[in-house]
Every structure is written in C-alpha cells, then in structure tokens.
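Before any comments, here is the structure.
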Amino acid sequence: MIRIQLQIDLTYEVDAHGADFVFNVHAAHTPNQRVMDERLWLSQTLPTQVHLDPHTGNRHLRLRAMPGPLKLSYSATIDLMHHRADPVSIAEVPVHNLPFEALEYIYPSRYCQSDRLGKLAIGEFGALWQGYSRVVAIRDWVRQRVAFTSNSSNGTTSAVDTVIERVGVCRDFAHLMIALCRAVNIPARFATGTDYGADPALGPPDFHAYVEAYVGGRWYLFDPSGTAIPMGLVRFGTGRDAADVAFATIFGGVRAQAPVIRAVAVEDPARDMVLPFHTLEALSTDSGVVGRA
C-alpha cells in the first residue's frame, strides 16, 4: 500500500466584483483510493457546495468569493491500493464489448482531436499487437518525440499543436497520448493529480496531468511525460481532456499566485506501507467494476 500525505495551498486576489470558482482539488473517492483525515480551509467565510460524481469519483467544490484575498488550503491522507497485473496478460477490449461508460472516451474532444490524427496513429501503431503493449508503445512514442519544456504551451494548446511543435508540459503529453489511443479505438481519459517523484530541476511540486487507458477491463495508469512516479499519483479527477478537470475554473477578475503543493509518502513496513517506486507491472486504482471509477 502507498500512503500519501497531501497539502495544497492556493492564493488569489479577487477584484471588486467578486468571482465564482469551481475547484477540483479534493482527492477522488474510488474503491482503491481511500481518503482520510481530510480538511478544507478557506480564508473567507463562504457558503460552499461539493458535488460528487458517482461514476468517476470526481469532487468539485463551488463557491462565490468576495473581493479581496482568498486562500484555500486542502489536506488529506490518501491510501492507494493498486491493482497490479502482468502487462502480457492484458488485452484490448473490442468496441462492441466496451461498457457504455467507456465509450465517450474513444470520441474526439476539444484538446484530443483523434479524428485528425487517425492516419498518423494507424501508420505508427495499427499493425502492433492489440493489448497493453500497444498503449505502452503510444506512450513511449509521445515521450520520445516531445520535449518537456516549462511554459512552452498555453491553455489552448491541443494534441495537434503538440504534434507540430514537439514541445509541451505534462498536459500536452497527456492530450497527445489520449488522442493517439482513441484514434486506434482504445478508450483513454485525462487524469489530474500531483507530480510525486518529479525531478526538482523541473521546479517545485505541482499539479500533474497523466493518462488512464481502458484495457483488460480496467483503467490503467500511464505517465507519458515521464516526470512522475505513477505509483505515487493521487487522482483528483478524470475527464475527456483538461477542460473537464481543471484544478480551478474561475469566472471573474482574479489574480492567482503559483500553487504550493506538498506530497509526502509514508514508509512503514509494519503496516505494509512502502514508498512509491517505478515498476514494469500494470497499475490501476480502478475497481474493475463497470460504471465505477
């Protein structure tokens, strides 16, 4: 088991008209991701609403902030009980056998234009054995051809843009891998978490975008940017692309400071808690039950 102690601090200055926020910073509730000792603190005394999506486990916090400073702090202890499998044993699921909950993740979306990358995907991956290894091949293709470069893209950069520019951040790596998976009929979705294990040379800890692909009847984890340790990823949200699960969506005039994130793994062999490590096994925090995250 992996135990992560998480702390997130967000700071904003809201203009004179106030602003509406939708946050996606709560750790998701899934059968294999247990959230404990959870606390949320706001510097303003405000009514809030938290919506739980029963299918994905995503939780969205909605509030209207008054003018002036707004600080949000979220902390939690999260236990990750990964399903681990031999990649050789994991086959793709034919479209006619996909659960309906997975079907939306083979369609093009705003940032993952799989319909425009079909020729590329078929040429590169169409002849490969159809299973977990084909998803790995797509991940590695993206990792080898795109350079991780901070501040090299923006909120409108799409998978097609990344194919052309060949630079990006984790969000762009994820969008491109998802688009290529979908182009060969492998459901893939965008996931947000924290970049546990990232090289400090890339900057301070931050939110992280990665990929979950549906093969073998489960959503398996992939990090196409190669900057994090997948076993240490805490899931906040999953969606079609970044538009669905931004950590903060803001309506109104706001100045934001850089988020401050702390993710610490607990090592306690007596309680079967180990530090996250890289592995060639397939990892999933999905229950494998149709309709559940």
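The values are calculated or read from the model by the stated rules, or taken from the named source; none is laboratory data. Only a predicted model underlies this, so the values are computations on that prediction, with no experimental measurement involved. Note that each Cβ is placed from the backbone with ideal geometry, even for glycine, and that neighbours are counted across all protein chains shown.
Assorted remarks:
- Hits in the stretch 244-258 - residues which are within 12 Å of the chain's Cα centre (by Cα) and either surrounded by fewer than 23 Cβ atoms within 10 Å (Cβ to Cβ) or closer than 17 Å to Phe148 by Cβ (or both): Asp244, Ala246, Phe247
- Matching entry among Ala209, Ala174, Ala201 (being assigned to a strand (DSSP E or B) and either on the phi < 0 side of the Ramachandran plot or at pLDDT 95 or above (or both)): Ala209
Residue-wise test of (1) surrounded by 16 or more Cβ atoms within 10 Å (Cβ to Cβ); (2) closer than 30 Å to Leu275 by Cβ; (3) modelled with pLDDT of 95 or more.
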| site | (1), (2), (3) |
| --- | --- |
| Arg3 | yes, yes, yes |
| Ile8 | yes, yes, yes |
| Ala19 | yes, no, yes |
| His26 | yes, yes, yes |
| Asn32 | yes, yes, no |
| Arg39 | no, yes, yes |
| Gln44 | no, no, yes |
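- Top-ranked residue in the stretch 159-212 [being charged (D, E, K, R) and under 13 Å from the mean Cα position of the chain (by Cα); ranked as farthest from Leu120 (Cα to Cα)]: Asp206
- Members of the stretch 151-161 found to be exposed (fewer than 11 other Cβ atoms within 10 Å of the Cβ) and touching a helix residue (DSSP H, G or I) at 6+ places or on another chain (Cβ under 9 Å), listed by number: Gly155
- Counting only strands (runs of 3 or more DSSP E) that fall entirely inside the stretch 58-115 and contain at least 3 residues that are under 19 Å from the mean Cα position of the chain (by Cα) and within 25 Å of Arg171 (Cα to Cα), the qualifying elements are 59-65, 68-80.
- Tally of residues being free of Cβ contacts under 8 Å to residues at least 60 places away in the same chain, surrounded by 18 or more Cβ atoms within 10 Å (Cβ to Cβ) and under 19 Å from His29 (Cα atoms) across the stretch 61-102: 1
- The number of residues in the stretch 186-239 that are free of Cβ contacts under 8 Å to residues at least 12 places away in the same chain and crowded, with 24+ Cβ neighbours inside 10 Å comes to 0.
- Residue within the stretch 137-144 that is hydrophobic (A, V, I, L, M, F, W, C), in contact with a strand residue (DSSP E or B) (Cβ under 9 Å, 6 or more places away or on another chain) and in a helix (DSSP H, G or I) present: yes
- Checklist (1) over 27 Å from Asp86 (Cα atoms); (2) modelled with pLDDT of 95 or more applied to Ala282, failing item: (1)
- Of the residues making up the stretch 149-166, not a single one is in contact with a strand residue (DSSP E or B) (Cβ under 6 Å, 6 or more places away or on another chain) and part of a strand (DSSP E or B).
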